[in-house]
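Single-structure report; data block below.
The values are calculated or read from the model by the stated rules, or taken from the named source; none is laboratory data. Computed from a predicted model, the values in this text were never measured in an experiment. Here the Cβ is made from the backbone with ideal geometry for all residues, glycine too, and neighbour counts use every protein chain on show. These accessible areas exclude ligands, DNA and RNA; they are computed on the full protein's heavy atoms, side chains included. Shrake-Rupley method; radii C 1.70, N 1.55, O 1.52, S 1.80 Å.
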Amino acid sequence: MFGRVIFALALTLGASPALAQNLTNAQRDGAIEFVLNNTRHTMLHEIGHLLVDQLDLPVLGREEDAVDMLATLLILEAGTDADFVALQDTIDGWLQSEVTRPSRGYVNSDFYGAHSLDIQRSYAIACLMVGSDYAEHTRYATRVSLPIDRQQSCAEDYRVAEKGWRAVLDPHRRGPGMGSAPITVRYDDSGDLQEIEDLLRQSRVLETYADWVSKSFVLPNTVTMTAEVCGEVNAFYVPSDRQVILCYEWVDFFYDLYVEEIMPVREHFALMRKLKLDKLGRVE
Ligand SMILES: [Zn+2]
């Protein structure tokens, strides 16, 4: 429906001293996979802003929620187990961001800001997943505490989101023989974050999405996708420059988040599960 965007993780990266942080190869690959999975959702979110702007699309409701939905729908449509893991990693990223929220709790800007709360963004992804295929995703949705009655109503959330995005994007699809303005990918100087730049370059995540957008839609103007040092942990779409910006700091932050917060929890649960299975094995 959207034109599947095929994405293959490149995990054959050379050892990088700064990224290694005394990790085993498997741990480092896990960290890189987590980072690239979160990068996929973020890039598609920013590409959503780009499409809204460049294709002059109507947006019903909050744009930040709408482009989150588009990112999720596109990854769901790709439809492999790796794609589902990508969404689960994105949910874990948002959940972790919620867990590490300072103890002061919420402040007013959380409520008047353009984005939904991190925890709402994570549940919205889980809802579209289970809404797209209840049998496939109900176990996972239950694990992240989405109640069954809400899981069942998510089919309607999915139907409305998918129908809406399809309706506004279809007229802009690039058919055979149709031209589209080119998309340039640029890597600006990464300074101290050279390993992050290397990771992005080797994964070809920017190139993959630039290629997909340009093949899928008829864009009226040239667009740039840039990785750069921003001075903050973020990603943007800048309408005046027609530029999607992925900050090296954002990628670096997710790498550290995985290593420091998520990997220990996953390893703990994997160990518990193994011990439980071993115990059951002995009982049998
Ligand atoms: Zn946004």
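Odds and ends about this structure:
- Rounded percent of accessible protein surface that carbon and sulfur make up, segment 159-255, 1.4 Å probe: 49
- Within a Gaussian network of the chain (alpha carbon springs, distance under 10 Å), most fluctuating of THR90, THR222, THR24: THR24
- Of all DSSP bridge pairs formed entirely within segment 22-283, close to 35 percent run antiparallel.
- Exposure check, 1.4 Å probe, all protein chains in place: ARG62 carries approximately 110 Å² of accessible surface.
- Under Karplus coefficients 6.51, -1.76 and 1.60, residue-wise ³J(HN,Hα) of segment 248-263 in Hz, glycine/proline x: 4, 4, 5, 5, 4, 4, 5, 5, 5, 4, 5, 5, 8, 10, 8, 4
- Across q = 0.13, 0.26, 0.27 Å⁻¹, segment 27-74 modelled as identical point scatterers on its alpha-carbon atoms has Debye log10 I(q)/I(0) values of -0.35, -0.88, -0.93, in the order of the q list.
- Dimensions in Å of segment 79-185 - Rg and Dmax from alpha carbons: 17.4, 57
- Spin-label model distance (nm) - VAL218 vs SER240, 7 Å beyond Cα toward Cβ: 3.0
- Summarising the amide proton neighbourhood of SER180: residues at separation of 5 or more, or on other chains, whose placed amide H is nearer than 5 Å comprise an empty set.
- Overall form of segment 55-94 per C-alpha gyration tensor (a/c, 1.5; a/b vs b/c): oblate
- Computed across segment 194-284, the Kirkwood hydrodynamic radius from all distinct Cα-Cα pairs reaches 16.4 Å.
- For segment 22-283, the convex hull drawn through the C-alpha positions has a volume of 169 cubic angstrom per residue.
- Sequence of TRP94, TRP250 when ordered by accessible area, the most exposed leading, probe 1.4 angstrom: TRP94, TRP250
- Whole-number accessible area per residue in Å² for the chain, which is evaluated in the context of all protein chains at 1.4 Å: 50
- Amide H partners (placed H, <5 Å) of THR226, local residues excluded: ARG186, VAL244, ILE245, LEU246
- Accessible area of segment 84-132 belonging to carbon and sulfur atoms, whole % at 1.4 Å probe: 55
- Rounded to whole Hz, the Karplus (6.51, -1.76, 1.60) HN-Hα couplings of segment 184-191, x for glycine and proline: 9, 9, 9, 10, 7, 3, 9, x
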